[in-house]
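Trainee: Okay, here's the structure, questions in a sec.
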Amino acid sequence: MAVSQTASSAKVKPAKTKWRMETNWGLHAMLLPGVLITIVFCYVPMVGIAIAFQNFKPWLGFFNSPWLGLGNFERFFTSSSSVNVLINTVEIAVLKILTGLAVPIAFALLLNEIRVPRLKKTVQTMVYLPHFLSWVILAGILKDVLAVDGGIVNRMVSFFGGDPIFFFGDGNWFRVAVIVSNVWKEFGFSTIVYLAALTAVDTALYEAAMIDGAGRWKQTVHVTLPSIMPIIVVMFTLSLGNVLNAGFDQIYNLYTPMVYDKGDIIDTFVYRTAIVQANMSYGAAVGLFKSVVALVLILVSYKLADKFANYRIF
């Protein structure tokens, strides 16, 4: 009898768990505001993409403005300024990507060597702070610090016998100021990722290296860097999607007409064209071109991250 009861109970399959609205309404209610905000501010405005193919007139609206087809795109690719804007965008973005990768790695390695916890936390806090300041505030600080007359940097240059540098009037020096200030603002916060990766390195590897006579430098080269190489590859490949994103907030708050030849990027060009000059169709076409290229780069970067670092988001 007991055997038959055991056999019959073994045939009973557990009931499947069903996702029911009436039992999970609270979770749906929590998601609803975020979903609505995303739809209203991200998807509904996509109707405006139509003006990239029109000679848009605000008083005529989306549906009555005359259509130009690819005319706005042809105008951008045949204009003399388009090549300069694309080159500036790619060069500034690539320099930001490279410095934004190398400096946080180097700083994380140095910070990991600090053995005094209180000192380590103090240094971390100090380098994190600039990340939380807006470029509006930092631009005002940089303009005072780098000013030709009275700026602390040019005072030091003059003290050592050099000529004052016009950082915001010379295109080459403007790029230097942009790259250095971007590193100063972001490298501390970017260090968090690499510090987290360093905590996962097996300490037995360091012990084995010390037994073999390796010093701190060789331990870093042969143990630390290879151990965190997967996260470095992931961060680098994911940053490829920002090749056309050179940082509108920073450039807009720092540049002047004197450095347009070296500092004008796609985002600032779109702003001046669409908002300042009120040529919305042309600005929308340039912005749409940038968005499509950025989407392709992001997809490629995720494929590379999956191939070389086994990183997948789904």
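Trainee: Any idea which residue in segment 63-76 is nearest to residue 266 (Cα to Cα), counting only those that are aromatic (Phe, Trp, Tyr) and loosely packed, with under 12 Cβ neighbours inside 10 Å?
Mentor: Step by step, filter segment 63-76, then rank; the result is 67.
Trainee: Follow-up question, since we're still on this one. Is there a residue in segment 258-271 that is part of a loop (DSSP other than H, G, I, E, B) and either modelled with pLDDT under 85 or of a type in the set (A, V, I, L, M) (or both)?
Mentor: yes
Trainee: In addition: What's the number of the condition residue 140 fails, among (1) modelled with pLDDT under 85; (2) part of a helix (DSSP H, G or I)?
Mentor: If we test residue 140 against (1) modelled with pLDDT under 85; (2) part of a helix (DSSP H, G or I), just (1) comes out false.
Trainee: Additional query: In segment 214-227, which residue that is of a type outside the set (A, V, I, L, M) and in contact with a helix residue (DSSP H, G or I) (Cβ under 8 Å, 6 or more places away or on another chain) is surrounded by the most Cβ atoms within 10 Å (Cβ to Cβ)?
Mentor: Across segment 214-227, the extreme among qualifying residues is 224.
Trainee: Tell me yes or no: at least one residue of segment 281-300 is without any contact (Cβ under 8 Å) to a residue 12 or more places away in the chain, under 30 Å from residue 165 (Cβ atoms) and either of a type outside the set (Val, Ile, Thr) or not in a loop (DSSP other than H, G, I, E, B) (or both).
Mentor: Within segment 281-300 (the criterion being without any contact (Cβ under 8 Å) to a residue 12 or more places away in the chain, under 30 Å from residue 165 (Cβ atoms) and either of a type outside the set (Val, Ile, Thr) or not in a loop (DSSP other than H, G, I, E, B) (or both)), the answer is no, since none of the residues qualifies.
Trainee: Something else: So for segment 228-235 (the condition being surrounded by 13 or more Cβ atoms within 10 Å (Cβ to Cβ), free of Cβ contacts under 8 Å to residues at least 24 places away in the same chain and farther than 30 Å from residue 178 by Cα), does at least one residue qualify? So that I can check it myself, show each step before the final result.
Mentor: Residues of segment 228-235 that are surrounded by 13 or more Cβ atoms within 10 Å (Cβ to Cβ), as a first pass: 228-235.
From what is left, the residues that are free of Cβ contacts under 8 Å to residues at least 24 places away in the same chain are 229.
Then drop every residue that is not farther than 30 Å from residue 178 by Cα, which leaves none.
Looking for residues that are surrounded by 13 or more Cβ atoms within 10 Å (Cβ to Cβ), free of Cβ contacts under 8 Å to residues at least 24 places away in the same chain and farther than 30 Å from residue 178 by Cα, one finds none in segment 228-235, hence no.
Trainee: Sort through 78, 122 and tell me the only one that's closer than 30 Å to residue 217 by Cβ and free of Cβ contacts under 8 Å to residues at least 60 places away in the same chain.
Mentor: After ruling out the rest, the residue left standing is 122.
Trainee: As an exercise: evaluate residue 239 against (1) surrounded by fewer than 18 Cβ atoms within 10 Å (Cβ to Cβ); (2) closer than 30 Å to residue 85 by Cα; (3) hydroxyl-bearing (Ser, Thr, Tyr) and give the number of the one condition it does not meet.
Mentor: (1)
Residues are listed down the side, and each one gets a yes or a no for (1) under 23 Å from residue 246 (Cβ atoms); (2) modelled with pLDDT of 80 or more; (3) assigned to a helix (DSSP H, G or I); (4) β-branched (Val, Ile, Thr):
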position: 9; (1), (2), (3), (4): no, no, yes, no
position: 15; (1), (2), (3), (4): no, no, no, no
position: 32; (1), (2), (3), (4): no, yes, yes, no
position: 37; (1), (2), (3), (4): no, yes, yes, yes
position: 58; (1), (2), (3), (4): no, yes, no, no
position: 75; (1), (2), (3), (4): yes, yes, yes, no
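The values are calculated or read from the model by the stated rules, or taken from the named source; none is laboratory data. Keep in mind that this is a model prediction, so the values were computed, not measured. Don't worry about glycine lacking a Cβ; one is built from the backbone with ideal geometry, like all the others, and counts go over all protein chains shown.
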